[in-house]
Amino acid sequence: MEYQVFRLRTPDRVVLDISNVEFTMPAAAGRNGRGLVRTFRFGAFAQGKARVVIETAEPVRVEATRLIREGARGRHRLELDLVPSGSVDLSEREVAAARESAARLQLGDAVPTPSPPVPPSTAASPRVPVIVIDPGHGGVDTGAQGAVGVEKDIVLAVGRALERALSTSGRYRVVMTRTGDAFVPLERRMRISREHEAQLFISLHADSLEARELAHVIRGATIYTLSQSASDERARRLADKENAADLLAGAHLSADAVQDDVRSILFDLMARETAGLSLNFRQLAAKRMRGNIQFSRDPQRSANFLVLRQAETPAVLIELGYISHAEDERQMLSAEWQRKVAAAITAAVDDFFAKSGSIFR
Ligand SMILES: [Zn+2]
């Protein structure tokens with residue numbers, strides 16, 4: 001078994017990459033830390049590669065690693081000795097390992113590979129709008145965790161239901177940013193949208209409330225569009241949390257890819273046009289979803305979500321509900337509810353293209 005261990009900082013993490021491992025541990029494993037280990041996450045990371053991210057309570061160093069063969073059935077145990085470390089300086093090898101793994105992912109090493117662009121000749125019709133469905137998180141990045149379920153599974157189930165509903169209408173070509181339990185970096189999700197020249201991008205997520213005392217009160221779905229400054233403090237914090245997905249999975253490239261001044265000026269000029277369309281779709285979605293599913297108190301909001309920063313594609317991010325709320329979680333896990341949401345969003349998509357069709361054609 002091949003493995004690689006390196007550390008990352010802010011927050012302090014130990015990353016363990018193992019080749020060809022499929023995890024069968026319950027999703028809740030690793031939530032409750034002990035000693036130096038605060039939490040750990042695990043899951044698919046890239047082609048043939050699984051990852052465990054151990055968040056530590058303070059800087060540590062990996063004093064030793066041992067791969068021990070146990071019994072005759074090819075079973076192995078991998079042990080890491082973590083000890084507190086006064087210094088947080090990473091070795092050159094660690095920096096290189098972190099860079100390389102993040103860069104490889106950005107270059108398209110994620111699993112499974114999303115459907116490749118369809119050549120024009122085989123596309124149903126050049127006039128058929130392309131819709132990108134983006135189930136958030138995946139693989140080592142579980143997203144928000146409820147009592148029973150996890151965000152990555154709920155949003156994938158809803159994404160699949162939405163894909164079915166949109167595809168069967170025959171009016172759209174649907175592209176998913178992920179079709180399985182795979183980790184896909186945010187930048188890659190945006191690139192998929194760009195490469196397919198999507199005319200609508202729908203990102204699916206589920207929210208969670210940290211404050212336990214409010215968890216049984218706050219519930220319902222919210223639809224977000226992009227804005228430089230958030231509509232409110234909660235929306236701002238939510239965007240920070242969703243934007244940290246790559247960071248938590250240990251796949252964060254330094255901000256250079258996104259935070260380029262020249263690019264952002266260009267972005268602002270181009271995005272002005274699409275911003276109006278995003279707002280338009282948000283409104284239509286709110287209208288179709290209302291009455292079908294529980295809404296939050298203020299269901300149309302905006303914040304600076306990285307994945308929505310798409311200059312040429314109207315984009316929304318739908319938080320389907322609060323996984324921290326028992327009834328919301330129960331509903332989000334039900335196949336019937338998932339179909340209902342998919343149908344409501346599909347109706348909004350129909351409205352959107354009926355209204356704005358002339359712009360695209
Ligand atoms: Zn999320």
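Just so it is clear, none of the values below were taken in a lab; they were calculated from the coordinates. The model shown is predicted, which means the values in this text are computed figures rather than measured ones. Ideal geometry is used to build each Cβ from the backbone, glycine not excepted, and the neighbour counts take in all protein chains shown.
With N denoting the number of residues in the chain, provide Rg(C-alpha) divided by 2.2 N^0.38 Å, to two decimal places.
1.02
Would the range 3-108 count as rounded, prolate or oblate if I go by the C-alpha gyration tensor, calling it rounded below 1.5 in a/c and otherwise prolate when a/b exceeds b/c, oblate otherwise? Could you put the intermediate results ahead of the total?
Values: a/c = 1.44, a/b = 1.14, b/c = 1.27.
Cα axes put the range 3-108 in the rounded bin.
Working from Cα positions, state the angle (0 to 90°, nearest 10) between the long axis of helix 261-289 and the longest principal axis of the chain.
Helix 261-289 sits roughly 70 degrees off the main axis of the chain.
Run the numbers on the range 3-108 and let me know its relative contact order in percent, using alpha-carbon pairs under 8 Å that are six or more apart.
24
Which lysines, on any chain, are close to residue 49 with Cα under 19 Å apart, when same-chain ones fewer than 8 places away are left out?
Cα-Cα hits under 19 Å: 152.
Given H placed on each backbone N at 1.01 Å, which residues far from residue 324 in sequence or on other chains put an amide H within less than 5 Å of it?
209
Report, in degrees rounded to the nearest 10, the 0 to 90 angle that the Cα long axis of helix 186-195 makes with the longest principal axis of the chain.
Taking Cα atoms only, the helix is inclined about 40 degrees.
Taking K and R as +1 and D and E as -1, what net charge do the other residues with C-beta under 9 Å from the C-beta of residue 248 add up to?
Working: positive: 13, 41; negative: 55, 141, 246.
So the surrounding residues net to -1.
Taking H placed 1.01 Å from N in the peptide plane, check which residues at least 5 places from residue 12 or on another chain put their amide H under 5 Å from its amide H.
Residues meeting the amide H criterion: 56.
In degrees, nearest 10, range 0 to 90: what is the angle between the Cα axis of helix 92-104 and the longest Cα principal axis of the chain?
30
Determine the sum of side-chain charges near residue 292: Lys and Arg each +1, Asp and Glu each -1, restricted to other residues whose C-beta is under 12 angstrom from that of residue 292.
Values: positive: 287, 288, 290, 339, 340; negative: 336.
Once all neighbours under 12 Å are counted, the net charge is +4.
Starting at the first residue of the range 37-53, write each ³J(HN,Hα) from the Karplus equation 6.51 cos²θ - 1.76 cosθ + 1.60 with θ = phi - 60°, in whole Hz, x for Gly and Pro.
8, 7, 8, 9, 10, 8, x, 5, 10, 8, 3, x, 10, 10, 9, 10, 10
Quick one: net charge around residue 339, please, counting Lys, Arg +1 and Asp, Glu -1 for every other residue with C-beta under 11 Å from its C-beta. Provide the component values of the computation, followed by the final result.
On the way: positive: 160, 164, 340; negative: 336.
Here the charged neighbours net out to +2.
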